[in-house]
Ligand SMILES: Cc1cc2nc3c(=O)[nH]c(=O)nc-3n(C[C@H](O)[C@H](O)[C@H](O)COP(=O)(O)OP(=O)(O)OC[C@H]3O[C@@H](n4cnc5c(N)ncnc54)[C@H](O)[C@@H]3O)c2cc1C
């Protein structure tokens, strides 16, 4: 689901395929594995926006989208963080990843830049959006307030690697909850004590859930529908769809 937002400035990049190898692995929560890759090809890697993505070409030939959570051209490093949901080839590859394993990454093809001139920022996402959230927290000026609403499976995953003073985090748990992801998010939004001023909102959940949250934001929450960037990050199979 692409966004057609008039506020966003898009910068296109030359697409390069880069060969990279695992340099380090680290669990940043019980189900998210940060993998640091290295390789000569990373010397000119470019990513201008925290919600950029690269195409990861798995050894099987399949491709999946991942967020460049960090990169360093001098050290020729790239960090990706994989949510280990367990079912798909990318998640499986990450579960087994060890130092020296190789991958090809391509892109980012373009970066969509949101101005950091809003009074506050609202980010709504699940585990797949945590890499982007962490990068954005580091970029947004400290005088702007940031509200994160993050869905994870259960309480022991409710830890985000930030001590930024301008960040408020509200956790939403799937575990034992009869409501759908979007229903839980809407409940939280309805009771949110909004900070003062203009705000920009990002939403990235499962595709259908993202659409539902976006509809609520547009109809009942936002000041301006151009101040929302919504993009589904993964697709539940039709046999698994919540009503
Ligand atoms: C712009 C963009 C950036 C992204 N960045 C990241 C990132 O930095 N880190 C990250 O972990 N993911 C990220 N994702 C999401 C990731 O691309 C998907 O979760 C992808 O489907 C994983 O591929 P897979 O091979 O593991 O599973 P697939 O083969 O795609 O799916 C297999 C099964 O797993 C289920 N599934 C897939 N993803 C999830 C999930 N998140 N939760 C529960 N079930 C799931 C599917 O419904 C399906 O039933 C991003 C997606 C986009 C569009």
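Quick notes on this structure:
- Number of the condition not met by residue 237 [criteria: (1) within 16 Å of the ligand (Cβ to nearest atom); (2) modelled with pLDDT of 95 or more; (3) exposed (fewer than 13 other Cβ atoms within 10 Å of the Cβ)]: (2)
- Sole residue being surrounded by fewer than 21 Cβ atoms within 10 Å (Cβ to Cβ) and not assigned by TED's automatic domain parsing to the domain that holds residue 83, chosen from 151, 187, 209: 187
- Considered as a group, the residues in segment 70-113 that are in contact with a helix residue (DSSP H, G or I) (Cβ under 9 Å, 6 or more places away or on another chain) and outside any strand (DSSP E or B) include one that is nearest to residue 232 (Cα to Cα), and that residue is 85.
- Matching residues in segment 148-167 - criterion: being out of contact with any helix residue (DSSP H, G or I) (no Cβ under 9 Å at 6 or more places or on another chain) and closer than 21 Å to residue 32 by Cα: 154, 155, 156, 158, 159, 163
- Condition check for residue 216: more than 16 Å from the ligand (Cβ to nearest atom) and in contact with a strand residue (DSSP E or B) (Cβ under 7 Å, 6 or more places away or on another chain): no
- Boolean, residue 149 is free of Cβ contacts under 8 Å to residues at least 24 places away in the same chain, under 22 Å from residue 200 (Cα atoms) and in a strand (DSSP E or B): no
- Candidates 104, 95, 99 - the one that is away from the ligand (no atom under 13 Å from the Cβ), under 26 Å from residue 157 (Cβ atoms) and modelled with pLDDT of 95 or more: 99
Yes/no per residue for (1) surrounded by 15 or more Cβ atoms within 10 Å (Cβ to Cβ); (2) within 14 Å of the ligand (Cβ to nearest atom); (3) in contact (Cβ under 8 Å) with a residue 60 or more places away in the chain:
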| site | (1), (2), (3) |
| --- | --- |
| 19 | no, no, yes |
| 29 | yes, yes, yes |
| 32 | yes, yes, yes |
| 47 | yes, yes, yes |
| 57 | yes, yes, no |
| 61 | no, yes, no |
| 69 | yes, yes, yes |
| 73 | no, no, no |
| 87 | no, yes, no |
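- Matching strands (runs of 3 or more DSSP E) fully within segment 6-61 where at least 3 residues are modelled with pLDDT of 95 or more: 17-29, 32-38, 54-57
The values are calculated or read from the model by the stated rules, or taken from the named source; none is laboratory data. Predicted, not measured: the structure shown is a model, and the values here were computed from it. With ideal geometry, Cβ positions are generated from the backbone for all residues, glycine too; neighbour counts draw on all protein chains shown.
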